[in-house]
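To keep things clear, I will list the structure first and then write my remarks on it.
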Amino acid sequence: MVSLVVMPLLVLAKRRTGRELGSATVLADSTQTMLCTYLSAVLLVGLVLNATWGLSWADSVAALVIAGVAVREGVEAWRGEQCEDCAPIASAAGDPEQHCGGATRCTDGCSAGPAS
């Protein structure tokens, strides 16, 4: 329950810090933190439905939702589609070739560089 309050605040702080530092890594970590928040919410809903109304199937549905999200995230990472904030980010060395959170390939057209 505490994570549902604290984690979104952490996401905001990480995104602000990532943008200020120009760090694709910190921005990607903020996305991961938000995903963990969503998964915590799904788990909590499943547990509450089971505990309060005796809906024993709610745990199973929550587990399937979590598994679906995990598979989707894995496929997106495999394809290099992990860009949420897809503005080119210059590295500390001033390298403008880092796009989409450090991904080398973005399939949604957000990257200014060529797909590899």
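FYI, it's all coordinate maths here, none of it is from the lab. Just so we're clear, the structure is a prediction, and the values are computed from it rather than from any experiment. With ideal geometry, Cβ positions are generated from the backbone for all residues, glycine too; neighbour counts draw on all protein chains shown.
Some values worked out for this structure:
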{"read-out": "Gain in span if fully extended, residue 1 to residue 56, counting 0.36 nm per residue against the direct Cα distance", "value": "17.8 nm"}
{"read-out": "Likely footprinting exposure, 25, 52, 37, fewest C-beta neighbours within 10 Å first", "value": "52, 25, 37"}
{"read-out": "Amide proton proximity set for residue 55, modelled H, under 5 Å, gap of 5+", "value": "50"}
